[in-house]
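Following: one structure in structure tokens, then a few remarks.
Values quoted throughout were computed directly from the atomic coordinates according to the rules given, and no laboratory measurement underlies them. This one's a predicted model, so the numbers in the text were calculated from it and none came from an experiment. Please note: Cβ atoms are built from the backbone with ideal geometry, for glycine as well, and neighbour counts cover all protein chains shown.
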Amino acid sequence: MTGHDLENIVVPIFAFIFIFGFPAIIILWAIYTKHRERMRLIEKGISPDEAKKYFANVDKKPRNAFGALKWGILFLFLGAGIFTANILEQMYDLSDGVTSGLVIFFIGLGFVVYFLIANSNAGNKPTDTKPTLPNN
């Protein structure tokens, strides 16, 4: 048996394990963790109705009211950075490192602008409405 033959046998086995095995392990671990958490709530004396009410909104994150604004500003500044880098590269024959740095600078500038806008409108954010557990 040569090394090439062994490679033809081992590679598909590892590919099968990585494609199906690891995701299955991750999914089973998530199910087990959720079950263990719910069993601990029941052990603490919380009724199933209270547990259902508590877990009804667990997977739902509060909606970011400024999500579209963030991506809009980010893409606007990304486009401006690419445009500016192309113009400066043609005019001054800049290297690729300078143009890449300029694009990254514009992306960072876009995040700063988003941060300033989001903080000035912080009172418009939705509040977290997760129910609280009773103190037993």
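Look at Val10, Val113 and count the other Cβ atoms within 10 Å of each Cβ; fewest to most, that gives Val10, Val113.
Close amide H partners of Ile46, meaning residues 5 or more places away or on another chain with modelled amide H under 5 Å apart, do not exist here.
Compute, for segment 5-75, the length of the dipole vector about the Cα centre, with Cβ point charges of +1 (Lys, Arg) and -1 (Asp, Glu) only. Units Debye, rounded to 20. Using Cβ point charges on Lys, Arg, Asp and Glu, segment 5-75 gives about 620 debye. Computed as a quarter of the hull surface, the mean projected area of the alpha carbon convex hull for segment 3-55 stands at 4.7 nm². Given R0 = 25 Å, the distance between the Cβ atoms of Leu41 and Arg63 translates into a calculated FRET efficiency of 0.40. A Förster radius of 35 Å combined with the Cβ-Cβ distance from Ile82 to Ala122 puts the calculated FRET efficiency at roughly 0.70.
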